[in-house]
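The values are calculated or read from the model by the stated rules, or taken from the named source; none is laboratory data. If you're wondering where the values come from, they're calculated on a predicted model, not measured in any experiment. Note that we place each Cβ from the backbone using ideal geometry, even for glycine, and neighbour counts take in every protein chain shown. Heavy atoms of the whole protein, side chains included, go into the accessibility calculation; ligands, DNA and RNA do not. Shrake-Rupley method; radii C 1.70, N 1.55, O 1.52, S 1.80 Å.
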Amino acid sequence: MSNKLIEVKNLKKYFNTPMGNLHAVDDVSVSIDRGKTLGVVGESGCGKSTLGKTIIRLHEPTEGEVLFKGENIFDYSKKDMKKLRSSIQIIFQDPYSSLNPRMTVSRLIAEPLISNKIYKSKREMEDRIKSLMETVGLSGRLYNAYPHELDGGRRQRIGIARALAMNPDFIICDEPVSALDVSIQAQILNLLMDLQEELELTYLFITHDLSVVKHISDEILVMYLGQSVEKAPYKELFDNPIHPYTKALLGSIPKPILGERGKIRNTIKGEIFTPINPASGCRFAKRCDYAKEKCYVEDPVFIEVSENHFVACHI
Amino acid sequence: MREKLLEIRDLKVIYKTDEETVEAVNNIDLDLYKGESLGIVGETGAGKTTTALSIIRLLPYRVAKILSGEIIFNEQNLLELSEKDMRKIRGNNISMIFQDPMSSLNPVLTVEDQIAEVLRLHMDYGKEMIKKRVKEVLQLVGIPHDRMFEYPHQFSGGMKQRVGIAIALACDPDLLIADEPTTALDVTIQAQVLNMIDELQSRLKTSMILITHDLGVVAQTCDNVAIMYAGEIVESGTAKDIFEGERHHPYTEGLFGSIPNLDIDEKRLNPIQGVMPEPSMLPSGCRFHPRCPHCMDICIAESPQSKSFDGHHIKCHLFL
């Protein structure tokens, strides 16, 4: 029996811009098993957030399928989609701008419950809100507080409580810890991992921070300019990265140990190019140290090099 | 022999508004020697940026008050200088790189104009000489000089930060203050910029204060490290003391425990419990005691003194 909760097949999302087609997500295929986490890493502009938003249909896709429990959600009607939305949730990056400043904590958490008309009596709803607050570690005295009274970590906990309110199966975390300080970031990561264990959640975890993604993911997908360049179980990816871009990403992280200083780090030259009307060939070729002639002409294919380890590279 | 360039003694800065008084920096001491780099690490609200702005005297003057202390730079107390004299030092002997390259450049001036501005102010250069120097510093930071007539919006984030660094280096400063210079950049670009800062710093023998929340960045670029928490320096020493020393302040330990480690295969992190205290309502005694796993009775009552182990200072009752 297949244990796949969600399967993305050849998903494409192009945006029309005055300059041409912007290939935000270009032919990405992934699947996530129930209770597992897929980490998506890449630099700004690589299409990782667009991927997340297209999977839950906040963007209409240009091409491709997303199978949730075996059904293609792009065939769903508006009504079906609304039902589905309760089992797929998203946690946003910025806890400062994703909460309505004029609502209290309890109202913010109640919103999904109200709009889906879950509870008839006020009592039941209040009990549910309180238990949710406890789950995410918000103390009860904050029940009537407003977001501006809280720090970033607590605000992000509200975001998590909101996402959990509908008992979802699948949560997309779009950079949930990037706006937080390290000590708070670690608390939130631990919380997300505990919740996953307790509630059997499945995560798509989007981040630019490789060290964060290593902690929380079972599998990692590396994206560059809208395309998947490498996908592997987390251990395999860190021990044995193959694609030059993945290697460069790993080499670029400043490590908190001494003795690394002054060594020329394994970085890459140049900067990310525009994904508008990309030329054929490997999109990384211009920044790649190992680029051959073939790389500029032919699109590399995403192939399996060892078990569950996929790479799109000519070398 | 190490020569002292900057000495901060007993600096205390508050922000006073109608509603509250925020104790941003509380009686800190800092030393910086010529040619060395110092990393100031801490979380949001620890007082890192306030310390930097006090040195360069750019604190918002309506709300910020320096209550006590002195900042000795090249044997003169910067806090006693008139604004006119300070202006001669700022951008010339002491310059600053800001966090956000998108908003710290003037969008309506060309890159050349913005670099030339500091030169016109501080150097007695003719037009030709200024142009030559602009080209030189651009080359220094790795921007082809035919881009000097472009505007900031034509540059990417990493390139803008390079322009910021070029402006800071234009007058050959003695002290460079970099306030989170790479926080807004992607990792690969961050690595490029850090490599460049490290290389330039050792080549030009400029002293540097690097402010960051990222211990990794500090390990790559700094000789000395000071860890700040709630307006105090809780631990300071050489990079070796901080990264490899045996004794640590519990907060430093917590910071290290919070970083996801790439080399060790461990799933759970060991974060610090609780959150930073409100700077307007700091706890009594040791500022860290509500979050500290080793909290004792004395920590609640008394603020600890700093204890030195061969230049490695720790401010904690555990070591007194």
Roughly how much accessible area, to the nearest 100 Å², goes out of reach of solvent when A and B pair up, both sides summed, probe 1.4 Å? 4100 Å²
Please report, in whole Å, how far the alpha carbons of the stretch B:16-151 spread along each principal axis, starting with the longest. 49, 33, 29
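Leaving out ligands and nucleic acids, note down the accessible area per residue over the protein assembly as shown with a 1.4 angstrom probe, in whole Å².
Details: 29010 Å² over 635 residues.
Accessible area per residue: 46 Å².
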By the gyration tensor of its Cα atoms, with a ≥ b ≥ c the square roots of the eigenvalues, what is the shape of the protein assembly as shown: rounded for a/c under 1.5, prolate for a/b over b/c, or oblate? oblate
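To the nearest whole number, what is the average tally of beta carbon atoms from other chains within 10 Å of the beta carbons of peptide B:182-193?
On the way: counts 1, 0, 1, 2, 10, 14, 14, 8, 4, 10, 7, 0.
What the average comes to for B:182-193 is 6.
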Other chains' Cβ within 10 Å of B:254-260 residues: what's the mean? 6
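When you look at the Cβ of every residue in A:205-211, what mean number of other chain Cβ atoms sits within 10 Å?
Values: counts 0, 0, 0, 2, 2, 3, 7.
Counting Cβ atoms of other protein chains within 10 Å of each residue's Cβ and averaging gives 2.
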Projected onto the charge dipole of the protein assembly as shown (unit charges on the beta-carbon of Lys, Arg, Asp and Glu, signs +1, +1, -1, -1), the Cα from B:Gly91, A:Ser87, B:Gly69 with the largest positive-side position is that of A:Ser87
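Does the stretch A:83-166 come out rounded, prolate or oblate, given a ≥ b ≥ c as the square roots of the eigenvalues of its C-alpha gyration tensor, rounded meaning a/c under 1.5 and, failing that, prolate meaning a/b above b/c?
Details: a/c = 1.72, a/b = 1.21, b/c = 1.41.
Oblate, since a/c reaches 1.5 and b/c is not below a/b.
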Which of the peptides B:169-181, A:102-114, A:131-143 is most tightly packed, and how do the rest follow, judged by the mean count of other Cβ atoms within 10 Å per residue? B:169-181, A:102-114, A:131-143
Listed highest first by mean packing, meaning other Cβ atoms within 10 Å per residue, what order do A:62-69, B:251-258, A:14-21, A:26-33 come in? B:251-258, A:26-33, A:62-69, A:14-21
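Could you sort out which of A:Lys48/A:Lys294; A:Lys12/A:Lys235; A:Lys286/B:Lys135; A:Lys269/A:Lys292; B:Lys4/B:Lys48; A:Lys79/A:Lys117 sit more than 23 Å apart by Cα distance in this structure? Can you show the working numbers first?
Working: A:Lys48/A:Lys294 27 Å; A:Lys12/A:Lys235 28 Å; A:Lys286/B:Lys135 26 Å; A:Lys269/A:Lys292 16 Å; B:Lys4/B:Lys48 21 Å; A:Lys79/A:Lys117 15 Å.
Over 23 Å apart, Cα to Cα: A:Lys48/A:Lys294; A:Lys12/A:Lys235; A:Lys286/B:Lys135.
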Cα-based count: Lys pairs in the stretch B:162-320 below 23 Å, eight or more positions apart or different chains? 4
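Assuming a viscosity of 1.002 mPa s and a temperature of 20 °C, what translational diffusion coefficient in µm² per second does Stokes-Einstein assign to the stretch B:92-215, Rh being the Kirkwood radius over Cα pairs?
The Stokes-Einstein estimate is 148 µm²/s.
Looking at the square roots a ≥ b ≥ c of the eigenvalues of the Cα gyration tensor of the stretch B:205-289, which shape do they give, rounded for a/c under 1.5, prolate if a/b is larger than b/c, or oblate? Before the final figure, lay out each step's value.
Values: a/c = 1.87, a/b = 1.13, b/c = 1.65.
Because a/c hits 1.5 or more and a/b fails to exceed b/c, the stretch B:205-289 counts as oblate.
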Quick one: which residues, 5+ away or cross-chain, put their amide H under 5 Å from the amide H of A:Gly39? H built at 1.01 Å from N. A:Phe205, A:Asp218, A:Glu219, A:Ile220, A:Leu221
Whole-Hz ³J(HN,Hα) from phi, Karplus 6.51 cos²θ - 1.76 cosθ + 1.60, for the stretch A:276-287, glycine and proline x: 7, 6, x, 6, 6, x, 5, 6, 8, 3, 5, 9
Show that you can apply the helix-only estimate: for the protein assembly as shown, add -39,500 (n - 2.57) for every DSSP H stretch of four or more residues, divide by all residues, and state [θ] at 222 nm to the nearest 500. -9000 deg cm²/dmol
